[in-house]
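Read-outs throughout are calculated quantities, based only on the coordinates presented, and are distinct from any laboratory measurement. Keep in mind the model is a prediction, meaning the values are calculated, not measured. Here the Cβ is made from the backbone with ideal geometry for all residues, glycine too, and neighbour counts use every protein chain on show.
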Amino acid sequence: MSRRRVVVTGVGVVSALGRNAREFWQSLVEGRSGIGPITQLDVSALRFKNGGEARNFNPAEHFDQKQIDFLDRFAQFALVAAREALKDSGVELTPELRARSGIVTGSCVGGKITEDEGFQNLYLLKKPRVNPLTIARSMGNAGASHISMETGITGPAFTLSTACSSANHAVGQAFRMVRDGDIELAITGGSEAPFAMGNLKAWEAMRVVSPDTCRPFCKDRRGMVLGEGGAMLVLEPLEAALARGARIYCEIVGFGMSSDAHHLTQPSVEGPARAMCAAMEDGGLKPEQIGYINAHGTATPANDPTEVAAVRAVLGPQAGRVAISSTKSMHGHALGAAGAIEAVATVLALKHGILPPTANFTTPDPECDIDVVPNQARRAEVECALSNSFAFGGLNAVLAFRRWDG
Amino acid sequence: MSDELIRRVISCIAASQKLPEEKITIDSTFEELGIDSLDGVNILFALENEFNISIPDEGAQGIRGVRQLVEALEKLIPSNGPADALAQES
């Protein structure tokens, strides 16, 4: 089977950095962090108080009340991001194209807010029953299903859940289905709404969340900061995009996966390195072509030096020239949506020739001795970029993109 | 450092890590006991329940052995001193 070239023709984002891709990019370029006090729920009983909330997201602007009853917040993010990406692509979904299009989404925790509400009713308020929509709202594939129903897309649709790598695994599968000719268009990405007390308490107990902000690659980094949101990309074969005169953001050229077979939470150097190598090999890329990496960059003590070591192992001398930034410093760690939000950041970086920074940067860490684009965005026309996601459980997924010069 | 506190900490570690108590002494390091970072948060959880206290992340980081852990707990166990707190708990 011949491999088709695949391009990104539409993007949509809801995040701590705004209601859409335009606001998202503006914040990234300004290096402005969206991390702040969590306002959706009372966090007085939590050791951490900050998060990357989609503060300006108002469901009533997007859905009528009847629809909202059927949509957990994570599915709302998926649907709103998908609508934006589809509109942005300008593609017309004809009946033929709908039958030949697919949807692949990622989510790590699914409808936790809905579940929490049910558990509160059951265990705290001692009510004898929960909302009958609890299952339909909280299922991990709710986002994909709603996108399918709203767009009328009837090709393959599914959801992947691989913790923090969910969205990268999703985009990678969608990319391969388009490349292999299984489908003619994909809406793919991820969404997450983790700000439910039960879930936040679980993160607190793991002791990986920073009490203040997210400072990737800094000596004084104190852990991750949770984020929420959704991001979707429209992928099409290059030929179809050219034929309809679509605006092309960039080409998606490679996808690589690996597993550490090592530890539930401790990262390894080898696993991530093998996933980066696999993505580059899949895209036929050499180290010298990689100019930017959107890092996994969680700002936990363990991740950052391990990731830098993996980048060095893969790129060799090119590691001294590559720019690597963690945009989690601005939008927080959106778990199963992280890969999609960061893929959009990477796609926009290639399109605009500007690399988003690692915000909140204070003191360099000798163990993370690499160019992390501290605090200030940088103009740079790079040819190719990688976007890394490494999940708890040692599951790694890396996407590779190439600038489109038209 | 009270013997009672040491005994309860060792007992907590043993129960949480499914280790025989006699393998654990006040001078054991986590490395010797094969305790990694994820095991560490499990032990902290067990101790928080055992003593009904909250152990801050900052105090918990950098603890590498049983003695350090007992010392950190002494500071956290409430007001009228470990002996009284222990008496109340038991």
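Using the Cα gyration tensor of the stretch A:6-243, with a ≥ b ≥ c the square roots of its eigenvalues, what is the shape: rounded (a/c below 1.5), prolate (a/b larger than b/c) or oblate (neither)? Oblate shape, in that a/c is at least 1.5 and b/c is the bigger or equal ratio. If both residues of a DSSP beta bridge must be in the protein assembly as shown, then about 65% of such bridges are antiparallel. Ordering A:Ala391, A:Val372, A:Gly336 by the projection of their Cα atoms onto the charge dipole of the stretch A:327-406, which places +1 on the Cβ of Lys and Arg and -1 on the Cβ of Asp and Glu, puts A:Gly336 at the extreme positive end.
When Rg and the Kirkwood Rh are both derived from Cα coordinates, the Rg/Rh ratio for the stretch A:101-227 amounts to 1.07. Amide H contacts under 5 Å for A:Leu160: A:Thr105, A:Gly106, A:Ser107, restricted to partners 5 or more places along the chain or on a different chain, H placed in the peptide plane at 1.01 Å from N. Which residue, chosen from A:Gly155, B:Asn52, A:Cys277, occupies the Cα position most advanced towards the positive end of the dipole of the protein assembly as shown, where the dipole is computed from +1 (Lys, Arg) and -1 (Asp, Glu) charges on Cβ about the Cα centre? It is A:Gly155, whose Cα lies furthest towards the positive end.
Rounded to the nearest 20 debye, the dipole magnitude of the stretch A:6-243 is 920 debye, with +1 charges on Lys and Arg beta carbons, -1 on Asp and Glu beta carbons, and the Cα centre as origin.
Note on the stretch A:197-274: semi-axes of the ellipsoid equivalent to its C-alpha gyration tensor, largest first and rounded to whole Å, are 36, 19, 14. 3J(HN,Hα) along the stretch A:340-352: 6, 4, 6, 5, 5, 4, 5, 4, 6, 4, 5, 5, 8 Hz, from the Karplus curve 6.51 cos²θ - 1.76 cosθ + 1.60 with θ = phi - 60°, whole Hz, x for Gly and Pro.
For the stretch A:253-403, averaging the sequence separation of C-alpha pairs within contact (under 8 Å, six or more residues apart) and dividing by the residue count gives a relative contact order of 36 percent.
With coordinates expressed along the principal axes, the C-alpha atoms belonging to chain A extend over 62, 54, 39 Å, beginning with the largest. For the stretch A:14-94, what's the relative contact order in percent, using C-alpha pairs closer than 8 Å and at least 6 residues apart? Relative contact order comes out at 30 percent. Work through the residues other than A:Ser2 whose Cβ is under 14 Å from its Cβ and net out their charges, Lys, Arg +1 and Asp, Glu -1. Here the count lands on +2.
Would you compute, from DSSP H runs of 4+ residues alone, the mean residue ellipticity of the protein assembly as shown at 222 nm, taking -39500 (n - 2.57) per run and dividing by the full residue count, rounded to the nearest 500?
-11500 deg cm²/dmol
Across the options A:Ser107, A:Ala45, A:His62, the greatest Cα extent toward the positive end of the charge dipole of the stretch A:1-135 (unit charges at beta carbon of Lys, Arg, Asp, Glu) belongs to A:Ser107. Rounded to the nearest whole Hz, the Karplus-based 3J(HN,Hα) values (6.51 cos²θ - 1.76 cosθ + 1.60, θ = phi - 60°) of the stretch A:85-100 follow the sequence 5, 5, 5, 4, 6, x, 6, 9, 7, 6, x, 5, 5, 4, 6, 10, with x at glycine and proline. Neighbours of A:Gly172 by Cβ distance under 15 Å: Lys/Arg scored +1, Asp/Glu scored -1, total -2.
Each residue of the stretch A:386-396 was assigned a 3J(HN,Hα) from its phi angle through the Karplus expression (A = 6.51, B = -1.76, C = 1.60, θ = phi - 60°), giving 10, 10, 9, 9, 10, 9, 3, x, x, 9, 10 Hz with x at Gly and Pro. Residues whose amide H falls under 5 Å from that of A:Gly10, counting only those 5 or more places apart or on a different chain, are A:Val234, with hydrogens built in the peptide plane. Given contacts defined as C-alpha pairs under 8 Å and at least six residues apart, what's the relative contact order of chain A, whole-number percent? About 24 percent, as a whole number.
Please give the charge dipole size of the stretch B:3-89, origin at the Cα centre, charges +1 on K and R Cβ atoms and -1 on D and E Cβ atoms. Round to the nearest 20 debye. The partial results should precede the final answer.
Values: 7 positive and 17 negative charges, 14 e Å.
With Lys and Arg at +1 and Asp and Glu at -1, about 60 debye.
The three principal axes of the Cα atoms in the stretch A:253-403 give end-to-end lengths of 38, 36, 30 Å, sorted in falling order.
Less than 5 angstrom separates the built amide H of A:Arg215 from those of A:Arg222, A:Gly223, all sequence-distant by 5 or more or on a different chain. For the protein assembly as shown, the Cβ-based charge dipole about the Cα centre amounts to some 1320 debye (Lys, Arg positive; Asp, Glu negative; other atoms uncharged).
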